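The values are calculated or read from the model by the stated rules, or taken from the named source; none is laboratory data. Keep in mind that what you see is a predicted model, and the values were worked out from it rather than measured. Cβ placement follows ideal geometry from the backbone for every residue including glycine, while neighbour counts extend to all protein chains displayed. Heads up: the accessible areas ignore ligands, DNA and RNA and are worked out on the full protein's heavy atoms, side chains in. Shrake-Rupley method; radii C 1.70, N 1.55, O 1.52, S 1.80 Å.
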Amino acid sequence: MKFDAGNPRRQSIVEGYCTRMSVSAGQEIGFCVSAAPAAAVTIDVYRLGYYGGAGGRHMRTIGPVPARSQPVPPVGPMRLRECRWEVTAALTIPADWPSGVYLGKLSAAGTRYQNYVIFVVTDDRPADVFVQCSTNTWQAYNKWPDSYSLYDNDRPDKKPLVSGVRASFDRPFARYPQVTDNPLSLGTGEFLLFEFPFAYWLEKHGYDVTYGTNEDVHRSLDTVTRCKAFLSIGHDEYWSRPQFDHVSEAVRRGVNVGFFSGNAVCFVTPFSPSADGRANRIIERRGRYGGIRPEEEKWMADLPEPGPDEATLIGARTVIPFNGSGDWVCTKSDHWIFAGTGMKAGDRVPGLVGWEHHGNPAAIPGLEVVAAGKTWTGGDQESHYEATIYPGPRGNTVFNAATIFWAQGLASPPGHWLPFVHNGRPHGPDRRVEQVTHNLLRRWTGA
């Protein structure tokens, strides 16, 4: 892929975004595409999944359709970059398209350059497993066109984790800016990097799975309670308060929850509508779940809407220092999650913990620490993590893997790159990680 001169985040020859992040059968989704110079653009739509190891299935070709260069919007209040591009092509989702994560591959005639757009097809059927895509976090880190993520601001103190900055879903996804330099992140957020290996693995093993977004969970408690298990995967940092409340209530009603993620539920992130009135198209960081701790003040300021301590839901929370890499070390080998793994206390999965992690377990009755250890940043800054499990009120359980990288231990789909960070990296699929995940999911779903 070719990137703009002097801008390693953007490729403006052909790029685009969708008018929705989440869409159901029968609803229309628009593709807003810019081509510079103007060109006929073809959109090939794929559903991602296992598909016999291929990693995806071609669903439809749209076009070629004419596309022109569309403008980079001016900087609005709170550093908002909100594109108001014309819709280049539209698609009504067919009734037989299953829930899943879909990519639209954009190809401009007359060039060899391509790009992606990404969206999620959701449904309302009862299912065993609900996979929540971390779309808020994808957008929070989106720098398009160059330095306009929730981490970029004009404050003199240069603190990155503040309020007063907004990000719009009405813009392309730039190349992902940290941890891994993977050009496949262009247009796809973080899904291919940190979430796809889990989805690929679930479908390989035939689990009954449906998909949605942070926005879907924000909108409706039923999104979660219709399923037996709710999964947070990868880097799931930004949650609205209704989202937190819905998942907490789902636990009280007996839904099993797996936080196969790190740095999860860290910032209170309300939605607001787009300039043309479409709901939930803009996000803002407004608070720290549990409030700003003294050791976090060097990075955070002016977050006026704290939420509950995330550890009361997850079982643990983001620890300080929050960056690092380490091995996932078994501490309670007699627990049922380790059945069939052969793991003994002290056995470790190399490099599985990183780059952010959960620890400092909450005082929840019945909570058990099943893995724990140290992490290191650059070999000189020590931190720690604790993986936990605790009982819900109706025979359900909540598991916290304590690492963003859990999915890396499950599968390596075609084209997947293992991330490297802080002098450490996950080592790829591991039979023991797979078995722990099977043990959890089989108990949760009754399989």
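Structure summary
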read-out	value
Residue 154 versus residue 60: modelled label distance in nm, points set 7 Å from Cα along the beta carbon direction	4.2
Label of the coordinate-derived value, percent of Cα pairs over 27 Å apart, listed as (1) 61; (2) 68; (3) 50	(3)
Region 129-266, accessible area per residue, ligands and nucleic acids excluded (1.4 Å, Å²)	24
Contour minus Cα-Cα distance for residue 420 and residue 245 (0.36 nm per residue)	59.6 nm
J(HN,Hα) series, region 430-437, from Karplus relation 6.51 cos²θ - 1.76 cosθ + 1.60, nearest Hz, glycine and proline x	9, 4, 5, 5, 4, 5, 4, 5
Accessible area of the chain belonging to carbon and sulfur atoms, whole % at 1.4 Å probe	50
Residues of region 1-110: accessible area per residue with a 1.4 Å probe, Å²	42
Low-density loop cleavage sites - GluC sites (Glu not before Pro) in region 308-404, where at most 11 other Cβ are within 10 Å (DSSP)	none
Centroid-to-centroid separation of region 123-145 and region 169-196 [C-alpha atoms, Å]	13
Calculated P(r) of region 297-447 - Cα pairs past 24 Å, %	35
Mean Cβ neighbour count within 10 Å, used as a protection proxy, ranking 141-154, 391-404 highest first	391-404, 141-154
Angle in degrees between helix 241-252 and the longest Cα principal axis of the chain, rounded to the nearest 10	40
For the chain: relative contact order, % (alpha-carbon pairs under 8 angstrom, 6 or more apart)	14
Cα gyration tensor shape for region 233-307, rounded if a/c is under 1.5, else prolate or oblate	oblate
Space enclosed by the convex hull of the alpha-carbon atoms of region 1-42, per residue, Å³	101
Nonlocal amide H pairs with residue 384, under 5 Å, H built at 1.01 Å	375
Accessible surface, per residue, of region 297-380 when the full set of protein chains is kept, probe 1.4 Å, Å²	40
Extended-chain gain in nm, criterion 0.36 nm per residue less alpha-carbon gap, residue 205 and residue 309	34.0 nm
Relative packing of peptides 9-20, 178-189, 293-304, 412-423 - highest average C-beta neighbours within 10 Å first	9-20, 178-189, 412-423, 293-304
Computed lengthening from residue 427 to residue 272, 0.36 nm per intervening residue step minus Cα-Cα distance	51.8 nm
Size of charge dipole - the chain - debye, nearest 20, with Cβ of Lys, Arg +1 and Asp, Glu -1, no other charges	540
Distance in nm between pseudo-label sites at residue 299 and residue 68 (7 Å out along the Cβ direction from Cα)	4.4
Interchain or long-range residues, amide H under 5 Å from residue 166's placed H	80
Estimated inter-spin distance, residue 412 and residue 78, nm [label 7 Å along Cα→Cβ]	4.3
Table column - 3J(HN,Hα) (Hz), region 353-359, Karplus curve with 6.51, -1.76, 1.60, x for Gly and Pro	8, x, 7, 10, 8, 9, x
Mean Cβ count within 10 Å, highest first, over the residues of peptides 103-115, 332-344, 31-43	31-43, 103-115, 332-344
Eligible lysines near residue 374 by straight Cα distance, threshold 28 Å, same-chain separation 8 or greater	159, 298, 332, 344
Heavy atoms of residue 271: accessible area, 1.4 Å probe, square angstrom to 10	30
HN-Hα J in Hz across region 390-404 - Karplus 6.51, -1.76, 1.60, θ = phi - 60°, x for Gly and Pro	9, x, x, x, 10, x, 8, 9, 10, 10, 10, 6, 6, 8, 5
Kirkwood Rh, Cα atoms: Rg over Rh of region 325-378	0.99
For residue 347, residues with placed amide H under 5 Å, excluding near neighbours	330
Separation between Cα centres of region 76-108 and region 220-284, rounded to whole Å	21
